[in-house]
Amino acid sequence: GETQDLEDVLKENPDVIIFDMEGEDVSDYKLLTNDYKLLIGPEGGWSDREMQVFKDLKIQIHKLTSTVLRAETAAIVASTLVMSCE
């Protein structure tokens, strides 16, 4: 697919779940809708600017584990954990 600006994606898709090591424990999160997007940060994490965008848009940020995961592993773990929260 084509690359989109993060802010545009967030404005078009308000039901997103952001994952970052600084977030709240995902096990405490209850999904309000079945239509949501999971956003996994790049290797090295989200930039300060990206984190500020999430905060400005009042998007909750959750952590997957207490350890740093590779991006592809994080996507699998995120999918599994979010499905278990439903």
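Look through the stretch 1-19, keep the residues that are of a type in the set (Val, Ile, Thr) and not in a strand (DSSP E or B), and return whichever of them is modelled with the highest pLDDT.
Checked the stretch 1-19; the qualifying residue modelled with the highest pLDDT is 9.
Given (1) more than 21 Å from residue 12 (Cβ to Cβ); (2) among the basic types (Lys, Arg); (3) open to solvent by 70 Å² or more (accessible area, probe 1.4 Å), identify the lone condition not met by residue 55.
Here residue 55 clears every test but (1).
Can you tell me which residue is farthest from the chain's Cα centre (by Cα) among those in the stretch 46-61 that are in a helix (DSSP H, G or I) and closer than 12 Å to residue 23 by Cβ?
So in the stretch 46-61, the residues in a helix (DSSP H, G or I) come out as 48-56.
After this cut, where a residue has to be closer than 12 Å to residue 23 by Cβ as well, the list is 51, 54-55.
Details: 51: 11, 54: 10, 55: 12 Å.
The residue in question is 55.
Can you tell which of 72, 43 is modelled with pLDDT of 85 or more, exposed (fewer than 15 other Cβ atoms within 10 Å of the Cβ) and more than 12 Å from the chain's Cα centre (by Cα)?
Checking each option against the conditions leaves just 72.
Can you find a residue that is touching a strand residue (DSSP E or B) at 6+ places or on another chain (Cβ under 8 Å), of a type in the set (Phe, Trp, Tyr) and at pLDDT 80 or above anywhere in the stretch 20-29?
no
The values are calculated or read from the model by the stated rules, or taken from the named source; none is laboratory data. Every value quoted in this text rests on a predicted model; they were computed, and no experiment measured them. No Cβ is skipped: glycine too gets one built from the backbone with ideal geometry, and neighbour counts run over all protein chains shown. SASA here: full protein model, heavy atoms, side chains in, ligands and nucleic acids out. Shrake-Rupley method; radii C 1.70, N 1.55, O 1.52, S 1.80 Å.
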